[in-house]
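Colleague: So that we are looking at the same thing, I have put the structure below in structure tokens.
The values are calculated or read from the model by the stated rules, or taken from the named source; none is laboratory data. Quantities reported herein were computed from a predicted structural model and do not represent experimental measurements. Positions of Cβ are generated from backbone atoms using ideal geometry, with glycine treated the same way; all protein chains shown enter the neighbour counts. Keep in mind that these areas ignore ligands, DNA and RNA; they rest on the heavy atoms of the full protein, side chains included. Shrake-Rupley method; radii C 1.70, N 1.55, O 1.52, S 1.80 Å.
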Amino acid sequence: MNEKILVVDDETAIADLVEYYLRNDGYQVYKFYNAADALRGIGQEELSLAILDVMLPDMDGFSLCKKIRENYLFPIIMLTAKVEERDKITGLTLGADDYITKPFNPLELIARVKTQLRRYTRYNHLTEQSEEKAEIDIRALHIEKDCHRCFLNGKEIMLTPIEFRLLWYLCEHRGNVVSSEELFEEVWGEKYLDNNNTVMAHIARLREKLHEPARKPKYIKTVWGVGYIIE
């Protein structure tokens, strides 16, 4: 196993505990206690996943997540002591893939890490092994499935694997309303649960990247009470 995990938490005991369990499971760990040191260290290693605490001394974890997403697509798991739904949505909207609330069971965290790595690795493998080039053009939007690239007005937009899969699925079903349940089960590969705001948060992130106006989006439109559609 050669996966490299970034851990950023200013609570030494928690950071050390996470490092212990990760190393015990065979992962390489790069541990930092603040955002500034983490940002300096990110470019020095090819990371597989990041675990970020929300409450950091120099920059909150949401801002750190956003900065990482400017250049990297690897999965991000947020550690948060907050339980408000809006905080979870904020993290997902800024590009996080999952979150876990403190205090947590280290074994549950390891399980979440494995799930995210498996999903990310599987997606990249399918992309690399694609034999048929697939492309979709919708007005000024151009997406290429085989190389995981998206362009708007000729300018490339960086999408995480989940964001790309969401957009591709909606484009594939252009003209049809796709429910949140269907999107979640197709993209995340898990059973959809009531009051799951994960899809909504990622759609909001996608719209932001596509420079969509909040009231009158050009591409991803909401059909209230039903789902989403690209016309």
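Colleague: Which of the residues belonging to region 101-138 are assigned to a loop (DSSP other than H, G, I, E, B) and at pLDDT below 85?
Modeller: 129, 130, 131, 132, 133, 134
Colleague: Separate question: Between a residue in region 168-189 that is farther than 15 Å from residue 200 by Cα and of a type in the set (Gly, Ala, Ser) and any residue that is surrounded by 16 or more Cβ atoms within 10 Å (Cβ to Cβ) and at pLDDT 85 or above, which pairs come within a Cβ distance under 9 Å, given they are 6 or more apart or on different chains?
Modeller: 175/229; 175/230
Colleague: Which one of 142, 211 is modelled with pLDDT of 85 or more, part of a loop (DSSP other than H, G, I, E, B) and open to solvent by 20 Å² or more (accessible area, probe 1.4 Å)?
Modeller: Criteria check complete, one pass: 211.
Colleague: Looking for something closer than 16 Å to residue 93 by Cβ and part of a strand (DSSP E or B) - is there at least one such residue anywhere in region 166-173?
Modeller: no
This table checks each residue for (1) crowded, with 19+ Cβ neighbours inside 10 Å; (2) closer than 20 Å to residue 114 by Cβ; (3) not aromatic (Phe, Trp, Tyr).
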| site | (1), (2), (3) |
| --- | --- |
| 16 | no, no, yes |
| 23 | no, yes, yes |
| 33 | no, no, no |
| 36 | no, no, yes |
| 42 | yes, no, yes |
| 59 | no, no, yes |
| 63 | no, no, yes |
| 67 | no, no, yes |
| 75 | yes, yes, yes |
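Colleague: Could I ask something else about it? Condition first: open to solvent by less than 50 Å² (accessible area, probe 1.4 Å) and in a helix (DSSP H, G or I). Now tell me which residues in region 1-14 satisfy that.
Modeller: If the condition is that a residue be open to solvent by less than 50 Å² (accessible area, probe 1.4 Å) and in a helix (DSSP H, G or I), then 14 is the only one that fits.
Colleague: Does residue 225 satisfy the criteria of being under 24 Å from residue 70 (Cβ atoms), over 21 Å from the mean Cα position of the chain (by Cα), open to solvent by 30 Å² or more (accessible area, probe 1.4 Å) and of a type in the set (Gly, Ala, Ser)?
Modeller: no
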